[in-house]
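Chemist: Have a look at this one before I ask anything.
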Amino acid sequence: MNGLSGIPLKRIDGAPASIGDFAGKALLIVNVASKCGLTPQYEGLEALYRRYRDRGFEVLGFPANDFGSQEPGSNEEIADFCRTNFSVDFPMFEKIAVTGADRHPLYDALVAAQPAATSANGDFRAKLAGYGIKPKSETDVLWNFEKFIVDRDGKVVGRFAPDTAPDAPELTQAIEAALG
């Protein structure tokens, strides 16, 4: 799966993993948080996973505490929250950083491959600026629930702003295209 496949990861239960474990599948990689206004997107992400998983699709959730300390819990607490509140069945991974000097190598690769996010609802960067929030660089992940699409060949083919709902036509069209 290109440069993504060998990047070491850990599942939320601590088991070792890599993106290569999902070779041949289309992926939606999303940084998630339990205490964000966008947290209800978990429901839509799970619906996407259930809708497309039999066609070779995976949603991969990466908890991150990078934005407003909105993911303060331990990996165990996050896993319990996701199961209890949203019946999340898609793969979840340990909490990582998606911005800054400690940004996980997976997100280094994702951002390098897709430097800008498409927003289904206008300019999300401008919305953040209205709250006095400014990403450090033009390519940084903007907020919780930013979405990257990886096709079956391991190529990063899309990036969607956090306010793009899981059922947004732009996102589902991109998933369909990634599935081939």
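Chemist: Six or more apart or on different chains, Cβ atoms under 7 Å: show the pairs whose first residue is in segment 162-180 and in contact (Cβ under 8 Å) with a residue 24 or more places away in the chain and whose second is basic (Lys, Arg) and part of a helix (DSSP H, G or I).
Modeler: From residues that are in contact (Cβ under 8 Å) with a residue 24 or more places away in the chain, the pairs are LEU179/ARG55.
Chemist: Checking the conditions here, which among LEU110, LEU60, LEU106, LEU128 is outside any loop (DSSP other than H, G, I, E, B) and modelled with pLDDT under 95?
Modeler: Working: LEU110 fails: modelled with pLDDT under 95; LEU60 fails: modelled with pLDDT under 95; LEU106 fails: modelled with pLDDT under 95.
The unique qualifying residue is LEU128.
Chemist: Condition first: within 13 Å of LEU106 (Cα to Cα) and either touching a helix residue (DSSP H, G or I) at 6+ places or on another chain (Cβ under 8 Å) or loosely packed, with under 15 Cβ neighbours inside 10 Å (or both). Now tell me which residues in segment 3-19 satisfy that. If you could, list the steps in order and put the result at the bottom.
Modeler: As a first pass, look at segment 3-19 and keep what is within 13 Å of LEU106 (Cα to Cα): 3-10, 17-19.
Of everything in segment 3-19, those that are within 13 Å of LEU106 (Cα to Cα) and either touching a helix residue (DSSP H, G or I) at 6+ places or on another chain (Cβ under 8 Å) or loosely packed, with under 15 Cβ neighbours inside 10 Å (or both) turn out to be GLY3, LEU4, SER5, GLY6, ILE7, PRO8, LEU9, ILE19.
Chemist: Another question about this same structure. Could you figure out which of (1) in contact with a Lys or Arg (Cβ under 7 Å, 6 or more places away or on another chain); (2) at pLDDT below 95; (3) more than 25 Å from GLN173 (Cα to Cα) isn't true of SER69?
Modeler: (1)
Chemist: Just a yes or no: is a residue in segment 171-180 assigned to a loop (DSSP other than H, G, I, E, B) and more than 11 Å from the chain's Cα centre (by Cα)? Write out each step before concluding.
Modeler: In the first step, residues of segment 171-180 are kept if they are assigned to a loop (DSSP other than H, G, I, E, B); the result is 180.
Cutting the leftovers down to more than 11 Å from the chain's Cα centre (by Cα) gives us 180.
Yes - at least one qualifying residue is present in segment 171-180.
Chemist: Additional query: Which of the residues that make up segment 93-105 are out of contact with any Lys or Arg (no Cβ under 9 Å at 6 or more places or on another chain), buried (at least 19 other Cβ atoms within 10 Å of the Cβ) and not charged (D, E, K, R)? Outline the logic, then answer.
Modeler: Our first condition is that a residue be out of contact with any Lys or Arg (no Cβ under 9 Å at 6 or more places or on another chain); within segment 93-105, this holds for 95, 98, 101-105.
Those still in the list that are buried (at least 19 other Cβ atoms within 10 Å of the Cβ) too: 95, 98, 104.
If the condition is that a residue be out of contact with any Lys or Arg (no Cβ under 9 Å at 6 or more places or on another chain), buried (at least 19 other Cβ atoms within 10 Å of the Cβ) and not charged (D, E, K, R), then VAL98, HIS104 are the ones that fit.
Chemist: A follow-up question, please. Going by the structure shown, is ASP108 surrounded by fewer than 20 Cβ atoms within 10 Å (Cβ to Cβ) and under 21 Å from SER18 (Cα atoms)?
Modeler: On the way: surrounded by fewer than 20 Cβ atoms within 10 Å (Cβ to Cβ): yes; under 21 Å from SER18 (Cα atoms): yes.
Answer is yes for this residue.
Every residue, every condition in (1) touching a residue at least 12 places away in the same chain (Cβ under 8 Å); (2) under 30 Å from LEU128 (Cα atoms); (3) buried (at least 22 other Cβ atoms within 10 Å of the Cβ), yes or no:
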position	(1), (2), (3)
GLY24	yes, no, no
SER34	yes, yes, no
GLY37	no, yes, no
TYR52	yes, no, no
ARG55	yes, no, no
VAL59	yes, yes, yes
GLU71	yes, yes, yes
PRO91	yes, yes, no
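Chemist: Next up: If I ask for residues that are among the aliphatic types (A, V, I, L, M) and surrounded by 15 or more Cβ atoms within 10 Å (Cβ to Cβ), which ones from segment 39-50 would you list?
Modeler: Within segment 39-50, the first condition is being among the aliphatic types (A, V, I, L, M), and the residues that meet it are 45, 47-48.
Hits for segment 39-50 are LEU45, LEU48.
The values are calculated or read from the model by the stated rules, or taken from the named source; none is laboratory data. As the structure is a prediction and not an experimental result, all values here were calculated from the model. In this analysis, Cβ positions are derived from the backbone assuming ideal geometry, glycine residues included, and neighbour counts consider all displayed protein chains.
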